[in-house]
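Novice: Handing you a structure now.
The values are calculated or read from the model by the stated rules, or taken from the named source; none is laboratory data. Just so we're clear, the structure is a prediction, and the values are computed from it rather than from any experiment. Note that we place each Cβ from the backbone using ideal geometry, even for glycine, and neighbour counts take in every protein chain shown.
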Amino acid sequence: MGAVLLLLWATHFINRSFVKAFGAQLRTLIRNSTSNRVTSFMTGFGVTALLQSSTATTLMTASFIDKNMVGLRAAIAIVIGADLSTTIIAQILVFDLTWLSPALIAVGASLYLRKTLGMKMRSIGNALVALGLVLLSLSLIREISEPLKSSPILLDILHALSTDPTMAILFSGVLTLLIHSSLATVLFYAALASHGIINLDLSVYLIIGANIGGALIPYVATYGSGDDKKRLMMTNIGMRLFVALISLPFLPWIQDAIVYFTEDPTRQVVFFHTGYNIVLACIFLPIVPFIATLASQHIKGSEHNADKRDDSFLDDAYLDRPSLALASAMRETLRMADLILDMTNLMYQALKQDDPELVKMARVSDKTLDKIFKKVILFLTKLERDNLTEAEVQQYERILSFATNLEHSGDIVQHSLSKTIEKKINSKENFSAEGWEEISAFCTDIISNIKTAHSIFISQSIEDAESLIRSKKSLKKGERDSRRKHFVRISENNPDSIGTSGIHTDLIRDLNRINSHITSVAYEVLNTNSPETTG
């Protein structure tokens, strides 16, 4: 039991140490690798190879779904890559690498104990120590497995499982869920197989259960979260169940094939584990867009996260206290700004991933935006302006102006930008490398400007307002430059530029229109604080 607990602790500690050392870079890698399903798959594979935990990669990916930084398609591909990667780790760890354990612990400890090193290197040291302990624990498990062959209790349990495949799958799934690591479970089974405690007939059912249990871990960890998180977790479970169901009738032939490749019981266990996930990747990676659409249509929940909060800060009880009424209207307007930020992010990701589901999500957000806007306007009209101080009148007008401009921005997304992006997705055309670079930079700058406008609305900072106006002018110039460069590329017969000609110019135009509405808050601040106003 001590060796098994050491294995569990060490595998989790490797994950924690690498997250501490490279967490920011790994998160950035996941966010930026959503251009196509193959890139997303390779990202999931690589990140898991470092973290040694597909659960950690899945949970990290799920956190970006809530922030609209990763779409469902990309997330599914990342998870498929993560699932396969953890099987390769198992392939490596079943080799008897006990001789390497002391060296890893020594090097890792020396790195950690050197206080002059930065936190990143010391965290890498921790990870090396933990990896050494993983190898040590596997060696201990192999040693203590031999006496278990004569344990009557264990033999009775294994006999019961071997005669009831369904019970074996359920047992393994629950065990994996309880110990929170499919990798540790598989390595434990491999150690038992090495001493003949479990045979291949039982191993395949236990590995199927471990795979299903591995998908249940992140589902339980995110239970009750956002809709796309739920869809990702249930899709992962569904894919593993599907592979289990189609593999069951062919298990006798699969076992014969495994025995043909290797007679080593340890390797037979991990070969089946790897093969299971290779089949999963081969079936589902090519049809990720279809799977994502299917999940969006049939795995229902509440509306998009933006619409989860129906509760409003607005309360008619505040109308007799203008300062509270204006503060609540201001908070509702900030909700509108958050929605515009979400919608713009969704549009950007939809372009990157050619994902129409993200466009639909943005349209749901616009409905919420319209509802909030109507509530804010109705609430403000109930305030008697004659009872407001001069400062409160200015705040009233700022809220009304910013809310109106945010609503106009939402209309641009709903009625123009979203249609342009859908047109691009349906056309199957690609932007030229230079054209995409210009559009991507435009999107990034506007997202940054929305965040700045949000802050200016709260702080009324003159310095930030002036900076935002400079950014607006720069983007306006960028629009003209982009249009000019685009037409140059067309004149040079660049096929991608020709194929996306109208789409390119329409996108830049719509983005610039949104930016104009967003930056209006900066002019409000400068006008309010101009010498004519203040004097």
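Novice: Which one is nearest to S467 (Cα to Cα), of the residues in the range 421-453 that are hydroxyl-bearing (S, T, Y) and in a helix (DSSP H, G or I)?
Specialist: T452
Novice: If a residue has to be closer than 19 Å to N345 by Cβ and aliphatic (A, V, I, L, M) to count, how many in the range 450-467 make the cut?
Specialist: So the answer is 2.
Novice: To continue, here is another question. With the requirement that a residue be assigned to a helix (DSSP H, G or I) and of a type in the set (D, E, K, R), what does the range 335-370 give you?
Specialist: R335, D338, D342, K352, E357, K360, R363, D366, K367, D370
Novice: Would you point out the residue of the range 378-399, among those that are buried (at least 16 other Cβ atoms within 10 Å of the Cβ) and aliphatic (A, V, I, L, M), that is nearest to E332 (Cα to Cα)?
Specialist: Only one residue fits best here, namely I399.
Novice: Next up: Are any residues in the range 435-484 surrounded by 15 or more Cβ atoms within 10 Å (Cβ to Cβ), at pLDDT below 90 and touching a Gly at 6+ places or on another chain (Cβ under 9 Å), and if so, which ones?
Specialist: E438, F442, S482
Novice: OK, next. Look through T55, T43, T98 and report the one residue that is at pLDDT 85 or above and more than 10 Å from the chain's Cα centre (by Cα).
Specialist: When all the criteria are applied, what remains is T43.
Here's the yes/no breakdown for (1) of a type in the set (K, R); (2) more than 30 Å from E357 (Cβ to Cβ):
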site: L406; (1), (2): no, no
site: S416; (1), (2): no, no
site: G435; (1), (2): no, no
site: H454; (1), (2): no, no
site: I458; (1), (2): no, yes
site: S474; (1), (2): no, yes
site: G478; (1), (2): no, no
site: R484; (1), (2): yes, yes
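Novice: Could you list, in sequence order, all residues of the range 481-527 that are in contact with a Lys or Arg (Cβ under 8 Å, 6 or more places away or on another chain) and assigned to a loop (DSSP other than H, G, I, E, B)?
Specialist: T500, T519
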